[in-house]
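Structure first, then comments.
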Amino acid sequence: MDSQHWRAVITAAQAGDRRALDELVEGWLPLVYNIVGRALNGHADVDDVVQETMLRAVGNLGSLRDPDSFRSWLVAIAMRQIRDRARRRTPDRLEEAAASDFAELTVLRLQLEGQRREVAEAVRWLDEEDRHLLSLWWLEVAGELTRRELAAAVGITRQHAAVRVQRMKERLETSRGIVRALDGACPGLRELTGRWNGRPDSVWRKRLARHLRGCGYCGGTRESVVPAERLLVGIALVPLPVGFTLSLALGGKTAAAATSASWSAKLLGALTKPAVAMTAGATIVAGGAYVVTQPPDAPPPRAAVTPTATAGSAPPRTSAPPAPAPAPKPSPTATKRADPYGTVVDAVDRAPDPNARPAALPRRPEDRITSTGGPKAVMQHRGDHVTLAGRGYVLVRWQISPGSRPGALVMPSWTGLKGRLFHVASGGSRRMDDPLPGAPNGYATGMGGPGIGWAVLPPGTQQMWQNEYFYLDGTVTLTQNERGCDYGLTVFPTDRDAVVEDIGQGPPQGAIRYGLVRDTGTDSAPVPQYVTRATPADPATVPQHSRV
């Protein structure tokens, strides 16, 4: 997530800005749900622990001195609530059934297959303490947390955290072997498990592990075992499931916490919008606020895309990129064709006047966009991809980190297009080459600076804004092709109202610039660069201007 953006949001929320508080809750609720859900493996207490965590965070937001530490502070609150729940638990609740097995939810919602599915199911075999630690480590390797934040949440040093994580990983690998063996047909294992009630626990984990160590059938793997951290890298957060509730009843302690924190009615309205990470339906009960979220049905499994190695990228540049050339106008012959779609490819343009309001965004039909990455797909590594299907709008948010690794960007690509895809608007209050007010540590723009080096676009590539909006009518796969520079993409299905709201947040609200509308409302609207109907083995080989 953009640290500068969230620093501003947190500061505004502390100052009483309701809109900022709404955005804060919307943005961080999925992370808390994933930590608590995985730590408790979907136990019936998950909803209560998540809600208590968010209420405590909102109620104590004013006590947070450093906005940059918000994520570690929020995660620490979640872990305290998890531990408090364990201390409060009575013996008669030890055998309580889970509300929804989080391992199964992970497999279904994220469409995990093969060894990724195996890792998710192996979580069932871990002890409670290991599950708590894994709930943080999983998000660490997925790019959602840092090791420092993991250690702080558990309350130990980073060195001790490394030891704890290593031991947990060893037990996780043992559990993966058990999951693999139970899917097999070993006669000895069938006999051993004849007395097993089917419920994973530490006693049976040890028994089955002893069998695996001495069994030639179970011990011989028929495929290379990929380390768990490599399987989990870049995996999206599990979206909130059907039936998850965020309840703020108007009465007693809960109402007081909500009122003192200025929890506005707009948050409840926002929870019904497709742009929010836990969409899509809500019920407001009279006399209180009771939100029931219900995501769309799980999309069909995505096709695997296996990138292959290509030649190295151009060396990093240490000076600012030159100003882009004016956008070339489409040729008259291109726009006069009977079917002009695909003849107007988005090209380089100059940044507009920051005070120029955007044109009206044409209306296009909207149904629903499904995403194999869920409501928020985070793509931080080469080969990460998400398949989108349906009719509606999609937000692609850029996060470039030249301080970690400057160099030449290898642009993301759209492959396997069936139907039509347009580049309709740009927003997020800035282009990535805009100056950053008060930029720290050698940055000058979102693309880097003299002190740290620059992220450099391939010649002729359209300069990205922080938020880029597209309209899809069909199916397409977006792949992260990061090689020469460190960047990440976050992909959200959204709607036209959210696009209009974003691009209209101009300088009067303190932003750098208004957004930009590119949509003409016809088939002559810009087509994204690096798009093709083909499905190449290496998506990074898609040419900049493709015929679609």
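The values are calculated or read from the model by the stated rules, or taken from the named source; none is laboratory data. Every value quoted in this text rests on a predicted model; they were computed, and no experiment measured them. Reconstructed Cβ throughout: ideal geometry from the backbone, glycine too, with neighbour counts over all protein chains shown. All accessible areas refer to the heavy atoms of the entire protein, side chains included, with ligands and DNA or RNA removed. Shrake-Rupley method; radii C 1.70, N 1.55, O 1.52, S 1.80 Å.
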Next item on the list: Calculate one ³J(HN,Hα) per residue across region 407-413 by plugging θ = phi - 60° into the Karplus curve 6.51 cos²θ - 1.76 cosθ + 1.60, and present them in order as whole Hz with x for glycine and proline.
Entry: x, 7, 6, 9, 5, x, 9
Margin query: Residues of region 377-395 with backbone nitrogen within less than 18 Å of a virtual label 7 Å along the Cα-to-Cβ line of Val226, please, listed as ranges.
Written below: 378-387
Next item on the list: For Leu436, put the label point 7 Å out on the Cα→Cβ axis and report which residues of region 1-31 keep their amide N under 18 Å from it.
Entry: 1-11
Next item on the list: Return the sequence-ordered ³J(HN,Hα) values of region 192-202 in whole Hz as given by the Karplus equation 6.51 cos²θ - 1.76 cosθ + 1.60 applied to θ = phi - 60°, using x for Gly and Pro.
Entry: 5, 7, x, 9, 8, 7, x, 9, x, 7, 5
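Rounded to the nearest 0.05, what FRET efficiency is calculated for Arg18 and Arg158 with R0 set to 56 Å and r the Cβ-Cβ distance?
Calculated transfer efficiency: 0.90.
Find, to one decimal place in angstroms, the Kirkwood hydrodynamic radius of region 437-530, where the mean of 1/r is taken over every pair of different Cα atoms and then inverted. Let's see the in-between values first.
Working: mean 1/r = 0.0619 Å⁻¹.
Value: 16.1 Å, from the Cα pair sum.
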Item checked: Two-site label geometry, Lys418 and Thr520: point separation in nm, points 7 Å out along Cα→Cβ -> 2.8 nm
Note to self: Quick one: 3J(HN,Hα) in Hz for region 59-68, Karplus 6.51/-1.76/1.60 with θ = phi - 60°, rounded, Gly and Pro as x.
What the structure shows: x, 10, 4, x, 7, 6, 7, 10, x, 5
Notebook entry, point to check: Using a cut-off of 16 Å between alpha-carbon atoms, which aspartates and glutamates can reach Lys376, once sequence neighbours fewer than 8 places away in the same chain are excluded?
Noted result: Asp2, Glu23, Glu26, Glu144, Asp297, Asp384, Glu468, Asp495
Notebook entry, point to check: Rounded to the nearest whole Å², what accessible area per residue is found for region 365-432 with the 1.4 Å probe?
Noted result: 29 Å²
Next item on the list: Return the long-range amide H neighbours of Gly143 (sequence gap of 5 or more, or a different chain), with a cut-off of under 5 Å between placed amide H atoms.
Entry: Gly234
Checklist line | Calculated P(r) of region 455-508 - Cα pairs past 18 Å, % | finding: 50 percent
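If you build the convex hull over the alpha carbons only and average its shadow over all orientations, what do you get for region 332-453? Give it in nm² to one decimal. Write out the running numbers ahead of the final one.
Details: hull surface 42.5 nm².
Computing the convex hull of the Cα atoms and averaging its projections yields 10.6 nm².
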Check: Around Gly448, which amide H atoms from residues at least 5 apart in sequence, or from another chain, sit under 5 Å from its own amide H, with H modelled in the peptide plane?
Finding: Ala455
Notebook entry, point to check: Given a Förster radius of 30 Å and the C-beta distance between Asp201 and Thr146 as r, what FRET efficiency does 1/(1 + (r/R0)^6) yield to the nearest 0.05?
Noted result: 0.40
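Which whole-number percent is the relative contact order of region 407-531 (Cα, under 8 Å, 6+ apart)? Don't skip to the answer; put the middle values down first.
Working: 235 pairs, mean separation 52.5, N = 125.
Rounded, it is 42 percent for region 407-531.
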